[in-house]
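Participant: One structure follows; several queries about it will come next.
Every read-out reported here was derived from the displayed coordinates using simple, explicitly stated rules and does not represent laboratory data. Just so it is clear, the structure is predicted and the values come from calculations on it, not from any experiment. Backbone-built Cβ (ideal geometry, glycine too); neighbour counts: all protein chains shown.
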């Protein structure tokens, strides 16, 4: 299962995708993303595998439409071009449409919503994996004697994974500052309207016997993703 430390992988997607800033007239150097098929883990929904991206700079606006409200996101190619490219690739092909965010956590140091698995089990992905783009600018976690953990700030959009270089389709949205090892690619941020929706989902609590980790009580479905850019 794709987990984030004490557990997780997060959030929504949706309409209205546009690139901010000016795209280069000439293609940029293409990064080696290591997109690789995973025959042992077939796609949870049929989808092609992306090629390495042409663009590695600029930001992309994505509006996530959910049944609980909109969650606009701002993706950052500069921080994680391979991750942003994969996310847009999947969104363009409807991979996230009509899927549920299957996990909500409420640990003292980990409060996130996890999405991106059409199978709604926490096990599904796109049938491919790719290389890590790990953050280097996160602040150290206070009171961590190991010095290894970092703060993933409220509003962070990051990838879940099952170990090094196993990124797929699952991602998480950080509702409050969370403490994790910097093993999860940060590829964007949640805009203020989206934080209100995320707070609403979190306030609804967690279903099941474990009050700290499970499905959201408020069913949270990504209704559609309609990118308007590349």
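Participant: What number, in percent, do you get for the relative contact order of the stretch 123-176 if the mean sequence gap of Cα pairs under 8 Å and at least 6 apart is divided by its residue count?
Facilitator: On the way: 69 pairs, mean separation 21.4, N = 54.
Answer for the stretch 123-176 is 40 percent.
Participant: Just 60, 47, 84 to compare: in a GNM of the chain, with alpha carbon springs under 10 Å, which one fluctuates most?
Facilitator: So, out of 60, 47, 84, the one fluctuating most is 47.
Participant: Another question about this same structure. With the crude spin-label approximation of a point 7 Å out along Cα→Cβ, what separation in nm comes out for residue 134 versus residue 200?
Facilitator: Using points 7 Å along Cα→Cβ, the separation is 3.7 nm.
Participant: Which residue fluctuates most in the GNM of the chain (Cα springs below 10 Å): 105, 83, 136?
Facilitator: For the chain, modelled as a Gaussian network with Cα springs under 10 Å, the answer is 136.
Participant: Calculate, for residue 146 and residue 78, the FRET efficiency according to 1/(1 + (r/R0)^6) with r their C-beta to C-beta distance and R0 35 Å; round to the nearest 0.05.
Facilitator: Computed FRET efficiency for residue 146 and residue 78: 0.75.
Participant: What order, most packed first, do the peptides 212-222, 31-41 have when packing is the mean number of other Cβ atoms within 10 Å of each residue? Before the final figure, lay out each step's value.
Facilitator: Details: 212-222: 18.3, 31-41: 13.3.
Ranking the peptides 212-222, 31-41 by packing returns 212-222, 31-41.
Participant: With the cut-off at 1.5 for a/c, could you classify the stretch 28-89 from its C-alpha gyration tensor as rounded, prolate or oblate?
Facilitator: oblate
Participant: Report, in deg cm²/dmol and to the nearest 500, the calculated mean residue ellipticity at 222 nm for the chain, where each DSSP H run with n ≥ 4 adds -39500 (n - 2.57) and the sum is divided by the residue count.
Facilitator: Calculated mean residue ellipticity at 222 nm is -3000 deg cm²/dmol.
Participant: To continue, here is another question. Classify the stretch 36-224 as rounded, prolate or oblate, taking a ≥ b ≥ c as the square roots of the eigenvalues of its Cα gyration tensor: rounded when a/c is under 1.5, otherwise prolate if a/b is larger than b/c and oblate if not.
Facilitator: rounded
Participant: Let me ask something else. Sorted from fewest to most neighbouring beta carbons within 10 Å, what does the list 95, 171, 187 look like?
Facilitator: 95, 187, 171
Participant: Contact order normalised by length for the chain, with contacts defined as Cα pairs under 8 Å and 6 or more residues apart; what percent is it?
Facilitator: 31 percent
Participant: Same structure, new question: If you take the square roots of the eigenvalues of the alpha-carbon gyration tensor of the stretch 143-230 and sort them as a ≥ b ≥ c, do you get rounded (a/c under 1.5), prolate (a/b over b/c) or oblate?
Facilitator: Oblate, because a/c is 1.5 or more while a/b does not exceed b/c.
Participant: Show me the ranking of peptides 151-161, 64-74 by mean Cβ neighbours inside 10 Å, starting with the highest.
Facilitator: Those peptides, ordered most packed to least, come out 151-161, 64-74.
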